[in-house]
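A quick write-up on the structure given underneath.
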Amino acid sequence: MEIFLKAILLDNQLHSFLKGRIQFKKNTLMPDSFDLALDIGNSTLGGAFFQEELLIETFHLPVHPLKEKDLDPYIQNKSISQVIIGSDNIAAGLTCLRYFQAKNIPVFEVDSENLSLILDVEKPSEVGNDRIANSYGGLFAHPNTDLIIVDMGTALAFDVVARERRFLGGAIAPGLHIAAKALSEFTDKLPLVEIEKPKSCLSKSTIGNIQSGVYYGMIGTIEKIVSEIKNIHFGQGNVLVIATGSLANPAEAEADSSIFAKLRSDLEKDLKTTIDYFEPDLTFFGLHEILKEKANGKRT
């Protein structure tokens with residue numbers, strides 16, 4: 001399968017990764033060594049290879065369970081200079097840490113300390129690594145901008161980030177698949193269904209009813225929470241709303257199924273008045289920014 005390389009054109013006018021993304025064939029740009037950013041969630045591990053500010057290649061694999069040998073196909077034949085791990089999955093995170101330590105590759109981990117981002121919440125140590133990385137990624141893509149970042153993964157997370165590099169908190173709700181699974185597990189008669197946009201919100205079948213409730217429930221949740229955050233905190237001020245996460249990522253969608261790819265496309269269309277940008281690689285860029293901070297031993 002042909003692999004494409006993705007790069008970001010960086011200049012002072014950059015306002016969106018999507019506006020600056022270009023694709024290259026693999027043999028047109030091959031650096032001597034890479035930085036590697038690993039985003040480890042509850043169900044999926046995502047990896048991204050960087051050279052300086054360029055995102056070169058990404059990969060995804062499941063983490064239930066993750067074994068060290070599972071990393072070999074993606075890591076072999078690559079020279080890696082340093083690694084950053086942002087993990088909300090303890091077991092998978094430890095597996096990756098041991099893997100790279102055994103290869104004597106410098107490894108850094110995301111934590112809530114010594115950041116240039118101020119965690120303006122009650123307990124900074126409880127802020128998820130993915131939320132920290134998303135905040136860094138958002139401010140990297142859109143500097144000097146107030147942001148609401150909607151992470152559509154296993155959970156549906158809303159991260160509010162002020163332009164002066166301050167994480168203000170947000171909200172967390174069940175993601176699509178959690179909602180569907182809960183209906184099946186906590187009732188006797190409701191089945192577990194494939195999540196997709198139904199033909200109509202008003203359905204006449206049990207499966208269609210569940211799909212309608214879960215899909216449009218997520219749309220409504222995003223629209224309402226974003227609206228409330230804007231009204232309460234930002235008033236009439238300008239704020240960008242960015243979507244990321246597995247449901248915003250066409251690479252993950254295509255790897256998983258055509259249904260998942262269409263679901264992502266439907267969400268983008270139905271949220272076009274609420275979401276300003278879909279930026280699927282936001283977390284990777286945030287992790288890479290954290291890696292540069294930690295490798296330099298100072299805030300940048």
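Could you tell me whether Gly245 is modelled with pLDDT of 90 or more and under 18 Å from Gly128 (Cα atoms)?
Taking the combined requirement at face value, the residue does not satisfy it.
Which of the residues belonging to the stretch 172-191 are open to solvent by less than 60 Å² (accessible area, probe 1.4 Å) and either of a type in the set (S, T, N, Q) or closer than 18 Å to Gly220 by Cα (or both)?
Hits for the stretch 172-191 are Ala173, Gly175, Leu176, Ala179, Ala180, Ser184, Thr187.
Conditions first: (1) modelled with pLDDT under 95; (2) open to solvent by less than 70 Å² (accessible area, probe 1.4 Å); (3) of a type outside the set (Phe, Trp, Tyr). Gly138 passes all but one, so which condition is the exception?
Only one criterion in (1) modelled with pLDDT under 95; (2) open to solvent by less than 70 Å² (accessible area, probe 1.4 Å); (3) of a type outside the set (Phe, Trp, Tyr) is unmet by Gly138, namely (1).
Between Phe59, Phe108, Phe50, Phe100, which is over 14 Å from Ile290 (Cβ atoms) and at pLDDT 95 or above? Before you say what the answer is, go through the steps one by one.
Values: Phe59 fails: at pLDDT 95 or above; Phe108 fails: over 14 Å from Ile290 (Cβ atoms); Phe50 fails: over 14 Å from Ile290 (Cβ atoms).
None of the others qualify; the one that does is Phe100.
For the stretch 61-81, which residues satisfy the criterion of being surrounded by 17 or more Cβ atoms within 10 Å (Cβ to Cβ) and under 18 Å from Thr154 (Cα atoms)?
Once the filter is applied, which keeps residues that are surrounded by 17 or more Cβ atoms within 10 Å (Cβ to Cβ) and under 18 Å from Thr154 (Cα atoms), the stretch 61-81 yields Val63, Leu66.
So which pairs qualify, if the first residue must be in the stretch 187-199 and closer than 22 Å to Lys262 by Cα and in contact (Cβ under 8 Å) with a residue 60 or more places away in the chain, the second must be in a loop (DSSP other than H, G, I, E, B) and open to solvent by less than 100 Å² (accessible area, probe 1.4 Å), the Cβ gap must be under 9 Å, and the two must be at least 6 apart or on different chains?
What qualifies is Glu194/Ser257.
Taking into account only those residues within the stretch 153-171 that are in a strand (DSSP E or B) and out of contact with any Gly (no Cβ under 7 Å at 6 or more places or on another chain), which is surrounded by the most Cβ atoms within 10 Å (Cβ to Cβ)?
Phe167
What pairs come out if I take residues in the stretch 165-184 that are touching a residue at least 24 places away in the same chain (Cβ under 8 Å) and pair them with residues that are assigned to a helix (DSSP H, G or I) and open to solvent by 60 Å² or more (accessible area, probe 1.4 Å) whose C-beta lies under 8 Å away, six or more apart or interchain?
Leu168/His233
Within the stretch 196-224, how many residues turn out to be open to solvent by less than 60 Å² (accessible area, probe 1.4 Å) and assigned to a helix (DSSP H, G or I)?
Qualifying residue count, the stretch 196-224: 13.
The values are calculated or read from the model by the stated rules, or taken from the named source; none is laboratory data. The structure displayed is predicted, hence computed values, not measured ones. Cβ atoms come from the backbone with ideal geometry, glycine included; neighbour counts cover every protein chain shown. We work out accessible area using only protein heavy atoms, side chains counted, and drop any ligands, DNA or RNA first. Shrake-Rupley method; radii C 1.70, N 1.55, O 1.52, S 1.80 Å.
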